[in-house]
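Report on one structure; see the data block that follows.
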Amino acid sequence: MRRWLQYGGFAAGIVLVVFGVVAIAMGVSGRSTVSDSLRSEQIVGTPDMTPAAIKAEAKAAGLKNVSLPTCNVAGKEITSGSDARCFASYMRIHGLEATGGLTYSQMPRYATADGKGTNVAEQATKAPNGQPLDNAARTVWINETALSTALNVSYMASQLALFGIVVGFALLLSGIGFIILAAFGTLRAEPSRKAPAPAPAPVSAHA
């Protein structure tokens, strides 16, 4: 029975080691893919992408109750998930500056001559074909949201890949531990011990 337990320990250890190596390889490949994809876009942080510069811009634009970025990617090429997330946070502030601090749901649908916009088609500025013009600020927000979402997905993919690497090392170490236990530890059959011989009965002096 102990021998079968030992074989089972070896088998479990080998499976865990294989899964660990595969998980590590997939995680490394995933992070490399994220980095290569970001590098191919040739994204570089603008000079105002520093905490001090964006704070001054937000104040000048009259933005209030807005969470400002604390990272710095000014002049830096974006090649990692964390940098992509940082860049996206600055893009949000730029979008709010362009829309006067309003999000998509807070802006009217159509454009007007006074720049305030309206949700009433009859009051909107008309195109040459007579159709109301869309609010340009809304289009800016849609573009910003689409691009920043893509960058945040890169960050999520990078973190998932890192998690895969961590899990891979955990599986690898667990597998090695199983193999060691099976080979040298508690699963090895203990050597049989002979019972001590009974002591001889005492001889009577009157025999």
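How much accessible surface area, in Å² rounded to 10, belongs to the heavy atoms of F169 with a 1.4 Å probe?
F169 exposes around 100 Å² with every protein chain in place.
Could you work out the relative contact order of the chain, using alpha carbon pairs under 8 angstrom and six or more residues apart, expressed as a whole percent?
35 percent.
Given (i) 2.04; (ii) 1.10; (iii) 1.06, which label gives Cα Rg over 2.2 N^0.38 Å as computed from the coordinates?
(i)
For the chain, which whole-number percentage of the solvent-accessible area (1.4 Å probe, protein heavy atoms only) is attributable to carbon and sulfur atoms?
So the carbon and sulfur contribution to the accessible surface is 63 percent.
Let me have the 222 nm mean residue ellipticity of the chain computed from DSSP H runs of 4+ only, each contributing -39500 (n - 2.57), with the sum over all residues rounded to the nearest 500.
-20500 deg cm²/dmol
Taking only protein heavy atoms into account and a 1.4 Å probe, give the accessible area per residue of the chain in Å².
Using a 1.4 Å probe on heavy atoms only, each residue of the chain averages 67 Å².
Set Lys and Arg Cβ to +1 and Asp and Glu Cβ to -1, take the dipole of region 40-183 about its Cα centre, and tell me which of Q159, Y104, Q42 lies farthest positive.
Result: Y104, furthest along the dipole toward the positive end.
The values are calculated or read from the model by the stated rules, or taken from the named source; none is laboratory data. As the structure is a prediction and not an experimental result, all values here were calculated from the model. When we count neighbours, we look across all protein chains shown, and the Cβ atoms used for this are built from the backbone with ideal geometry, even at glycine. Remember, those area values only see protein heavy atoms, side chains included, never the ligands or the DNA or RNA. Shrake-Rupley method; radii C 1.70, N 1.55, O 1.52, S 1.80 Å.
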